[in-house]
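Shown next, in structure tokens, is the structure this report addresses.
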Amino acid sequence: MRIGELDWTLKAGIEHDLSQYRKWCGRRDDLEAELADVPQRPGDVLKMGQGTTAPSDPTYRVVQRRLHQSQELGELRRRIGRVEAFLAALPTDEHRDVIGLWYFKGKTADQVGYEIKYSAGTVKRLRHEALPIYAQVAGLGYVSMLELASTG
């Protein structure tokens, strides 16, 4: 592994998160629309189901489903926030363009390069520079060798 290079498992996880971002946003929007009529305080959701303890009770099932949806929505917001914090932390618009086209639009390095008027090699370099920033923003424990050298 070269200095400053991400572990392949960490990189795979980051790439998975980035490739899922659009799907997560769509699911978040669906859940927000579905839960729009649900009280926003967790205690209120529980009050809706007071007196309903049997899984066969329709009110119990609705409360349980909405509680699960609310939990899923919280997790989606956390994941989306992590990706959006990463995008905000990128040093240049070129990095953001590369990440957006590569992961959110599913384009290849050649296609991204054609669209933003860079060579495929430059596109790959910008992507390579951006991924460690995700690890840092997400708190994944990645520290570049350059940072280690500057603290030691």
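Among the lysines, which have Cα under 24 Å from the Cα of LYS11 when same-chain residues fewer than 8 positions away are ignored?
Once the sequence-local lysines are set aside, what remains near LYS11 is LYS23, LYS105, LYS107, LYS124.
When ARG65, ARG127, ARG27 are ordered from fewest to most other Cβ atoms inside 10 Å of their Cβ, what list results? The partial results should precede the final answer.
On the way: ARG65 11, ARG127 19, ARG27 15.
The fewest-first ordering by Cβ neighbours comes to ARG65, ARG27, ARG127.
For TYR21, TYR60, which order do you get if you count the other beta carbons within 10 Å of each Cβ and list the fewest first? Don't skip to the end; give the middle numbers.
On the way: TYR21 20, TYR60 15.
Neighbour counts put them in this order, fewest first: TYR60, TYR21.
Let me check I've understood the local charge: for VAL123, count other residues with C-beta under 12 angstrom from its C-beta, Lys and Arg +1, Asp and Glu -1. What total comes out?
It works out to a net charge of 0.
Here, each number is a calculation from the coordinates, and none is a lab measurement. Keep in mind that what you see is a predicted model, and the values were worked out from it rather than measured. With ideal geometry, Cβ positions are generated from the backbone for all residues, glycine too; neighbour counts draw on all protein chains shown.
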